[in-house]
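Asker: Mind having a look at this structure? Questions to follow.
The values are calculated or read from the model by the stated rules, or taken from the named source; none is laboratory data. Keep in mind it's a predicted model, so treat the numbers as computed, not measured. All Cβ positions, even for glycine, are placed from backbone atoms using ideal geometry, and neighbour counts span all protein chains on display. For the accessible areas, the whole protein counts, side chains as well, though only heavy atoms, and no ligand, DNA or RNA atoms are used. Shrake-Rupley method; radii C 1.70, N 1.55, O 1.52, S 1.80 Å.
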Amino acid sequence: MITLVTSFFSFLQVRHYNDRFLQEFFHPTSPLSHALRLFVEAVLISFSTLWIVRWSLRGAMHRAAHWIKELRLGNSHESSDPLPKSPLIDPLTKEVRHLATSFFAARAAAEAEAKLRQNAESLWTPERLKEFARSQLRDKPLFVISYREPYQHIRRGRQIEYIVPPGGLVTALEPVLRACGGTWIACGNGEADRDVVDARDKIRVPPDEPLYTLRRVWISPEDEKGHYLGFSNEGLWPLCHIAHTRPLFRSEDWELYEKVNERFAQVALEELEGTEEPWVLIQDYHFALLPRLIKEKRPDARIALFWHIPWPNPESFGICPWKKELVEGMLGADLVGFHIQYHCNHFLDTVDQTVECRVNREHSTVNRQGHATWVKPFPISVAFTQDASIVPLSAAPPDKAALLKGWGVQAQYLGVGVDRIDYTKGIIERFRGIERFLDKCPDYRGRFTFIELAAPSRTLIKRYKDFVAELDAEAERINNRFKTMDWRPLIVIKKQHSHREIEPFYKAADVCLVTSLHDGMNLVAKEFVAARGDGDGVLILSNFTGAARELRGCLLVNPYDTDEIAEAIHRALRMDPQERATRMHMMREIVRDRNIYRWAAGLLGELARVPIHPIGKTLA
Ligand code: ADQ
């Protein structure tokens with residue numbers, strides 16, 4: 001501004017001398033004098049403008065150069081001298097910011113790798129997984145097939161934005177796809193998904209840094225009703241979870257389940273064209289028929305199917321009218337993965353009783369029609385890589401009072417639960433356990449509150465709608481029994497939270513309750529442990545989760561035993577701090593070691609090892 005004013009005055013001064021000079025040589029009204037004056041003014045204005053622009057850009061450029069230098073020297077790019085804000089250089093600053101973020105991520109990864117090599121540790125990191133995946137795949141593209149997609153496009157006003165749906169599956173497979181490239185085939189169900197794909201229904205993702213291809217498959221609402229809501233979630237889901245909800249098998253749903261599997265097989269085969277010995281990772285119970293459909297057409301494909309939910313005993317599975325078709329479909333895979341050995345054993349027993357085959361329990365394989373399927377456990381996990389022994393001094397737990405304040409509640413102790421609203425998660429059993437605890441230990445009334453972060457799920461299915469109503473009624477009944485002016489025992493927040501929103505609850509809780517009636521693994525238990533950098537907090541965990549096989553250090557409960565839940569809460573709240581720290585440390589070591597990168601590496605490594613046989617040829 002000062003420069004602008006100074007240049008304006010200089011301009012007036014020059015103009016004043018100009019006038020005197022012209023008066024001496026020309027008559028002021030002559031046309032020549034007028035033209036000369038205009039010329040001089042134009043030159044002066046151009047020079048001042050150029051000077052002002054140069055001055056302002058120079059300042060911005062100087063600050064930008066200083067900022068980039070700080071970045072190069074390793075000082076934080078969030079320093080007190082931020083990138084200049086000017087519409088003239090906005091596109092440049094945006095790109096530089098992206099560059100800086102990638103630069104810091106790369107440097108952090110390299111430092112972590114160097115540290116690990118130095119300590120000769122065996123921790124799996126994203127970088128190590130990338131290297132490993134590259135060496136196993138030997139430049140072949142990877143094909144991943146899941147019902148849910150890794151990026152969903154939605155509308156916000158007139159803008160199209162994307163979201164990353166939460167869940168272990170995306171966290172697990174993204175680093176592999178990012179490292180090796182390839183194609184992720186999934187159902188496009190974001191409201192703006194169709195607006196962003198090309199003519200072949202493809203889009204390069206991640207949207208900010210495209211590294212692999214997402215191929216979207218479109219499913220009609222009728223097909224989704226029969227395949228996803230019907231056979232998958234009203235049939236297979238309750239069939240595989242022993243949670244006493246009766247599976248519903250309708251032949252029209254089965255037909256649509258077959259139809260959608262065939263549609264995905266057709267898309268997958270299109271995508272595999274031109275790739276020799278492609279690697280295909282199929283995810284979950286929505287696609288039991290897909291391995292065989294692909295294998296029959298592409299015997300050279302290396303196919304793994306990972307089943308994210310439990311596998312029941314053969315008697316329970318035996319009630320399914322299409323058990324043979326399902327098992328035959330799955331046996332098209334070269335590798336079938338479950339979370340734990342117990343589910344693998346159930347699967348082998350089921351196969352043995354359902355189809356003609358040779359089961360080798362020592363090697364955990366099934367031989368049928370000349371094709372061998374390996375059946376192995378791969379316990380899924382979360383992306384936890386920090387050193388579990390280091391407790392950051394600054395990691396003060398978030399303020400409990402602040403978390404409770406919005407609900408008009410004050411409490412000394414906080415419990416937390418995080419679940420999709422699903423009858424398998426034992427949420428009502430948990431509430432009854434809390435009620436029993438308050439009955440048996442009345443001195444905790446007014447002092448202990450439990451917050452349930454409950455994400456609505458499968459709300460179009462009647463059983464799920466009814467379950468929400470049951471949950472609300474039970475919470476209200478219990479609250480009405482105990483509540484006071486400024487306290488109640490249960491707070492139920494029904495919404496999909498982001499992981500960032502959930503984190504403070506994990507960090508502030510004295511106790512986390514996971515009381516599933518049956519669960520393949522349960523990632524919430526591991527997320528709670530990973531969040532507790534302060535080494536505090538107690539995990540109460542159902543016996544009937546896959547996680548219970550790994551997390552020594554938790555308090556195990558039978559979710560059907562209300563008294564046992566009550567006693568576990570009492571024990572957790574009275575536990576000596578040293579015992580809490582020892583138990584949490586033990587669990588953190590386990591989760592850190594068996595993280596999601598180890599899971600992905602285990603699956604890829606095993607798939608690389610299995611010999612590939614076509615279906616229908618006799619084994620040598
Ligand atoms: P889920 O049945 O969905 O997964 P879980 O393993 O607990 O169960 O994973 C749920 C994920 O959703 C977690 O990452 C959790 O943070 C998130 N989530 C839960 N409630 C939420 C909320 N209110 N808001 C936002 N996010 C929420 C299936 C199987 C499991 C298996 C996983 C992975 O049923 O047994 O562990 O797949 O294989």
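Asker: Quick one: in the range 22-69, which of the residues that are among the β-branched types (V, I, T) and modelled with pLDDT under 70 is nearest to I89 (Cα to Cα)?
Answerer: Ranking the qualifying residues of the range 22-69, first place goes to V53.
Asker: Go through the residues of the range 275-292 one by one and say whether even a single one is among the hydroxyl-bearing types (S, T, Y), within 16 Å of the ligand (Cβ to nearest atom), assigned to a helix (DSSP H, G or I) and within 29 Å of L523 (Cβ to Cβ).
Answerer: Yes - at least one qualifying residue is present in the range 275-292.
Asker: So, one more: Need at least 1 residues that are buried (at least 17 other Cβ atoms within 10 Å of the Cβ) and among the aromatic types (F, W, Y) per element, so show me which strands (runs of 3 or more DSSP E) inside the range 293-374 make the cut, counting only ones lying wholly within it.
Answerer: Those strands (runs of 3 or more DSSP E) span 302-306, 335-338.
Asker: Quick check on my filter: what residues within the range 449-462 are more than 13 Å from the ligand (Cβ to nearest atom) and in a strand (DSSP E or B)?
Answerer: T449, F450 - these are the residues of the range 449-462 that are more than 13 Å from the ligand (Cβ to nearest atom) and in a strand (DSSP E or B).
Asker: Applying the selection to the range 536-572, what residues are touching an Asp or Glu at 6+ places or on another chain (Cβ under 6 Å) and open to solvent by 10 Å² or more (accessible area, probe 1.4 Å)?
Answerer: N558
Asker: Let me ask something else about it. Let me confirm something: among A531, A509, which residue is more than 10 Å from the ligand (Cβ to nearest atom), in contact with a helix residue (DSSP H, G or I) (Cβ under 8 Å, 6 or more places away or on another chain) and either at pLDDT below 95 or farther than 25 Å from E564 by Cα (or both)?
Answerer: Going through A531, A509 in turn, just one is more than 10 Å from the ligand (Cβ to nearest atom), in contact with a helix residue (DSSP H, G or I) (Cβ under 8 Å, 6 or more places away or on another chain) and either at pLDDT below 95 or farther than 25 Å from E564 by Cα (or both): A531.
Asker: Can you pull out the residues in the range 443-460 that are hydrophobic (A, V, I, L, M, F, W, C), buried (at least 18 other Cβ atoms within 10 Å of the Cβ) and either without any contact (Cβ under 8 Å) to a residue 12 or more places away in the chain or closer than 15 Å to I421 by Cβ (or both)?
Answerer: I451, L453, A454
Asker: If you don't mind, there's one more thing I want to ask. Looking at the range 410-427, which of its residues are open to solvent by 10 Å² or more (accessible area, probe 1.4 Å), aliphatic (A, V, I, L, M) and closer than 21 Å to W237 by Cβ?
Answerer: Matches in the range 410-427: V418 only.
Asker: Sort out which residues of the range 437-456 are in contact with a helix residue (DSSP H, G or I) (Cβ under 8 Å, 6 or more places away or on another chain) and under 26 Å from E501 (Cα atoms), and write them in order of number.
Answerer: Those that are in contact with a helix residue (DSSP H, G or I) (Cβ under 8 Å, 6 or more places away or on another chain) and under 26 Å from E501 (Cα atoms): F448, T449, F450, I451, E452, L453, A454, P456.
Asker: For residues that are away from the ligand (no atom under 15 Å from the Cβ), in a loop (DSSP other than H, G, I, E, B) and open to solvent by 60 Å² or more (accessible area, probe 1.4 Å), scanning just the range 463-506, find the one that is farthest from V538 (Cα to Cα).
Answerer: M485
Asker: Another question about this same structure. Being open to solvent by 30 Å² or more (accessible area, probe 1.4 Å) and in contact (Cβ under 8 Å) with a residue 40 or more places away in the chain is the filter here; which residues of the range 230-249 pass it?
Answerer: Across the range 230-249, the qualifying residues are E234, I242, H244, F249.
Asker: For the condition outside the structural domain of W374 (by TED's automatic domain parsing) and within 29 Å of R445 (Cα to Cα), what is the one hit in L523, L573?
Answerer: The unique qualifying residue is L573.
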